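The structure under discussion appears below in the form of structure tokens.
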Amino acid sequence: MKACYPGSFDPITLGHVDVIERAAKLFDEVIVIISHNPRKKCTFSIEERVDMIHRSIASLSCADRIRVMVNDGLTVKFASDHGIDAIVRGIRAVSDYEYELTQATANMMLDGRIETVFLIARPEYSFLSSSAVKEIAYNDGEFRSLVPEAIYDDVRKRMIEIRNEL
Ligand code: ADP
């Protein structure tokens with residue numbers, strides 16, 4: 001069975017990596033999809049995010065069953081075009097659940113063959129989001145334990161650049 005894990009990954013965090021690893025235990029192949037939404041302003045370019053995800057998953061034992069792709073359309077359409085059986089999403093809190101329920105129901109209406117599978121965030125990552133990482137990094141706080149080691153410098157450098165631009 002094949003799953004996809006769509007998101008912004010701006011940037012990828014250890015919470016995302018944990019979901020990827022757990023999804024790889026349930027599915028033969030996991031495609032991490034960077035959902036490209038031109039209306040959403042992101043801190044890292046698509047190319048930077050693809051590269052950061054590749055470097056973050058390189059050392060995982062399941063790395064050979066994970067692929068990274070970019071999609072600028074509907075996730076269900078992408079899934080059906082690529083023979084994907086399920087969409088994996090993470091849930092950290094009730095607020096995530098409300099949003100995810102709407103999305104999953106809409107996707108079910110669009111294509112009932114594609115299931116949505118929710119993975120509950122590990123307690124230590126339940127507060128962790130890409131925006132929290134950026135906020136902490138921007139304010140020079142300690143965020144080494146929140147992102148993969150491989151991308152720590154990328155995030156730190158970008159946040160210094162943004163701070164210096166203002
Ligand atoms: P999006 O803009 O689609 O929400 P994100 O990159 O923020 O993209 O998140 C992608 C998916 O990963 C979402 O389902 C989100 O709930 C989940 N997620 C984000 N952070 C965590 C975390 N710390 N633990 C578990 N799931 C998470």
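Every number in this text was worked out from the coordinates using simple rules, so none of it is lab data. Bear in mind the structure is a predicted one, so any value in this text is a computation, not a measurement. With ideal geometry, Cβ positions are generated from the backbone for all residues, glycine too; neighbour counts draw on all protein chains shown.
What the Cα convex hull of the chain gives, in volume per residue, is 116 Å³.
Panel values: the stretch 1-62, Kirkwood radius from alpha carbon pairs, Stokes-Einstein at 20 °C and 1.002 mPa s, translational diffusion coefficient 176 µm²/s.
Neighbours of ALA3, meaning other residues whose beta-carbon lies under 12 angstrom from its beta-carbon, give a summed charge of +2 when Lys and Arg score +1 and Asp and Glu score -1. Between amide H atoms placed 1.01 Å from N, distances below 5 Å from VAL88 occur with CYS4, TYR5, VAL117, all of them 5 or more places distant or on a separate chain.
Here the gap between ASP28 and TYR99, fully extended at 0.36 nm per residue and compared with their Cα-Cα distance, gives a gain of 22.8 nm. Here the stretch 66-114 is treated as an ellipsoid with the same Cα gyration tensor; its semi-axes, largest first and in whole Å, are 20, 14, 9.
Each peptide among 151-163, 128-140 gets the average number of other Cβ atoms lying within 10 Å of its residues, and from highest to lowest they stand as 128-140, 151-163. Measuring between alpha carbons in the structure, the pairs from LYS25/LYS134; LYS25/LYS77; LYS40/LYS157; LYS41/LYS77; LYS2/LYS25 lying more than 20 angstrom apart are LYS25/LYS134; LYS25/LYS77; LYS40/LYS157; LYS41/LYS77. For the stretch 98-166, the ratio of Cα radius of gyration to the globular rule of thumb 2.2 N^0.38 Å stands at 1.56.
Okay, which of the stretch 14-47 sit inside 18 Å, backbone N to the point 7 Å along the Cα-Cβ direction of GLU124? Only 14-23 fall inside the zone, counting backbone N under 18 Å.
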